[in-house]
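**Student:** Mind looking over this structure? Questions follow.
The values are calculated or read from the model by the stated rules, or taken from the named source; none is laboratory data. Given the structure is predicted, the values throughout are model-derived calculations rather than measurements. Cβ atoms come from the backbone with ideal geometry, glycine included; neighbour counts cover every protein chain shown.
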Ligand code: AMP
Ligand code: GLY
């Protein structure tokens, strides 16, 4: 089978790694890929925004399956164009990808499916005064969210009416998120532990992969700015088998059914971001793709042919028995460039990547290659991931940090507390 994987981050390196283990694979192309994926297949420089270029590449190379990693090409309709050209795709059409791209659409699906989520009210920019009045008589904290995509920065937890009014102004008047912030949702604040669950689906049926948890803030103990994710672990102990069953029955199954009933059957990975309140799990967000960095921790815990799973979903006949959890644990620590998520320097050589133990996988995210050397080329540089055969996050954590001590580049920064919340919960 010839496979084209779209994307260039740590998530795509993790997907490429897993696909490359499959006996079904003939050739893997990664568009555009990174120095890590180059070791697993052929990186191809191509403008992935140009769907017709991607189609001609696929025809030329006789591609049997396209796997789309990031949200933007999905939201832009790359899967639609590929399917119109009779190419199998793992990833939803743009109509179904709206579950991530438009929070108000996600809420309407959840309302239709009676899926537990935070109470909310919507305003668009033309109702600025009404929104201001509403915020004056609200209880705090509350959450203001941009309706559209905002690179993970469109959610603000407001602790007072003043903060809420300032946030409203920044969305509606200063337009910090442009069109994405022209409509907002004001949501009830929920408190509890968070976790992510990925459902792999052919539009009708699905399987869930082991749960995980991201660490979104830059600083230890979840302080400081939001980032694209500073680390993850899997599985998340809060998601016990009973809770997973509840998530399947009350959240994933009804959401996929409601999407299908709405004429927007979802083929791909539905990401449920969940918060565990004292009234049970509630949805914070849906994404239309694998999460990053969670995928870097989740995929190494899968036993079975991952490529066959993705192909069977893309074909509309998901093989639910092909993949199972291997019983292990994984911790992924993101090594970032100091200064991220604001400005940072790049171009430093990364040392210590060779001779790491077998139970460590170093996923590349923001790297490039020059004169045979790997150099830093982004904010999130590497995902240093340990995989242990037993469900022991303490061991997985210490292995990942031991490996990090061997890796170095100028201005390296990483959080020291990845997985601590889960470890505390297990004690
Ligand atoms: P999102 O970009 O939707 O993942 O939101 C970013 C983060 O904001 C989440 O991981 C939560 O920690 C927090 N958050 C979002 N919605 C709520 C909510 N309704 N109540 C409390 N925290 C929330
Ligand atoms: N880890 C959060 C995301 O992928 O959106």
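**Student:** For residue 200, are the conditions met, namely being buried (at least 21 other Cβ atoms within 10 Å of the Cβ) and closer than 30 Å to residue 426 by Cα?
**Tutor:** For residue 200, the condition - buried (at least 21 other Cβ atoms within 10 Å of the Cβ) and closer than 30 Å to residue 426 by Cα - is met.
Quick grid of which residues meet (1) buried (at least 22 other Cβ atoms within 10 Å of the Cβ); (2) more than 30 Å from residue 153 (Cα to Cα); (3) modelled with pLDDT of 95 or more; (4) touching a helix residue (DSSP H, G or I) at 6+ places or on another chain (Cβ under 6 Å):
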{"site": "355", "(1), (2), (3), (4)": "no, yes, no, no"}
{"site": "378", "(1), (2), (3), (4)": "no, no, yes, no"}
{"site": "384", "(1), (2), (3), (4)": "yes, no, yes, yes"}
{"site": "394", "(1), (2), (3), (4)": "no, yes, yes, yes"}
{"site": "397", "(1), (2), (3), (4)": "yes, no, yes, no"}
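**Student:** Please verify whether the stretch 264-287 includes one or more residues that are under 16 Å from residue 421 (Cβ atoms), free of Cβ contacts under 8 Å to residues at least 12 places away in the same chain and away from ligand 2 (no atom under 16 Å from the Cβ).
**Tutor:** no
**Student:** Please indicate, with yes or no, whether at least one residue in the stretch 27-39 is within 22 Å of residue 372 (Cα to Cα), touching a strand residue (DSSP E or B) at 6+ places or on another chain (Cβ under 8 Å) and assigned to a helix (DSSP H, G or I).
**Tutor:** Yes, there is a match, as at least one residue in the stretch 27-39 is within 22 Å of residue 372 (Cα to Cα), touching a strand residue (DSSP E or B) at 6+ places or on another chain (Cβ under 8 Å) and assigned to a helix (DSSP H, G or I).
**Student:** Related question: Kindly evaluate residue 239 against the criterion of being within 22 Å of the chain's Cα centre (by Cα) and within 16 Å of ligand 2 (Cβ to nearest atom).
**Tutor:** Yes.
**Student:** State all residues of the stretch 187-228 that are farther than 28 Å from residue 254 by Cα and within 15 Å of ligand 2 (Cβ to nearest atom); if no residue qualifies, say none. Spell out the reasoning first.
**Tutor:** Within the stretch 187-228, the subset farther than 28 Å from residue 254 by Cα is 217-228.
Matches in the stretch 187-228: 217, 218, 222, 225, 226, 227, 228.
**Student:** Further question on the same structure: Among (1) under 22 Å from residue 329 (Cα atoms); (2) crowded, with 19+ Cβ neighbours inside 10 Å, there is one condition residue 340 misses while meeting the rest; what is its number?
**Tutor:** Failing condition for residue 340: (1).
**Student:** Given the conditions (1) within 16 Å of ligand 1 (Cβ to nearest atom); (2) in a strand (DSSP E or B); (3) at pLDDT 95 or above, which single one is not true for residue 171?
**Tutor:** Of the numbered conditions (1) within 16 Å of ligand 1 (Cβ to nearest atom); (2) in a strand (DSSP E or B); (3) at pLDDT 95 or above, the odd one out for residue 171 is (2).
**Student:** So residue 202 ticks every box in (1) away from ligand 1 (no atom under 16 Å from the Cβ); (2) out of contact with any helix residue (DSSP H, G or I) (no Cβ under 6 Å at 6 or more places or on another chain); (3) more than 30 Å from residue 393 (Cα to Cα) but one. Which box is left unticked?
**Tutor:** The failed condition is (2).
**Student:** Sticking with this structure for a sec: Could you list, in sequence order, the residues of the stretch 92-129 that are part of a loop (DSSP other than H, G, I, E, B) and without any contact (Cβ under 8 Å) to a residue 60 or more places away in the chain?
**Tutor:** Scanning the stretch 92-129 gives a single hit, 102.
**Student:** For the stretch 150-163, state whether one or more residues are part of a loop (DSSP other than H, G, I, E, B) and over 17 Å from residue 101 (Cβ atoms).
**Tutor:** There is at least one residue in the stretch 150-163 that is part of a loop (DSSP other than H, G, I, E, B) and over 17 Å from residue 101 (Cβ atoms).
**Student:** Being in a helix (DSSP H, G or I), out of contact with any strand residue (DSSP E or B) (no Cβ under 6 Å at 6 or more places or on another chain) and in contact (Cβ under 8 Å) with a residue 40 or more places away in the chain is the filter; apply it to the stretch 130-143 and report the residue that is surrounded by the fewest Cβ atoms within 10 Å (Cβ to Cβ).
**Tutor:** Ranking the qualifying residues of the stretch 130-143, first place goes to 134.
**Student:** Something else: Of the residues that sit in the stretch 144-161 and are over 16 Å from the mean Cα position of the chain (by Cα) and surrounded by fewer than 17 Cβ atoms within 10 Å (Cβ to Cβ), which one is farthest from ligand 1 (Cβ to nearest atom)?
**Tutor:** By that ranking, first place goes to 161.
For (1) within 17 Å of the chain's Cα centre (by Cα); (2) in contact (Cβ under 8 Å) with a residue 12 or more places away in the chain, each residue gets a yes or a no:
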| residue | (1), (2) |
| --- | --- |
| 17 | yes, yes |
| 27 | no, yes |
| 35 | no, yes |
| 60 | no, no |
| 67 | yes, yes |
| 81 | no, yes |
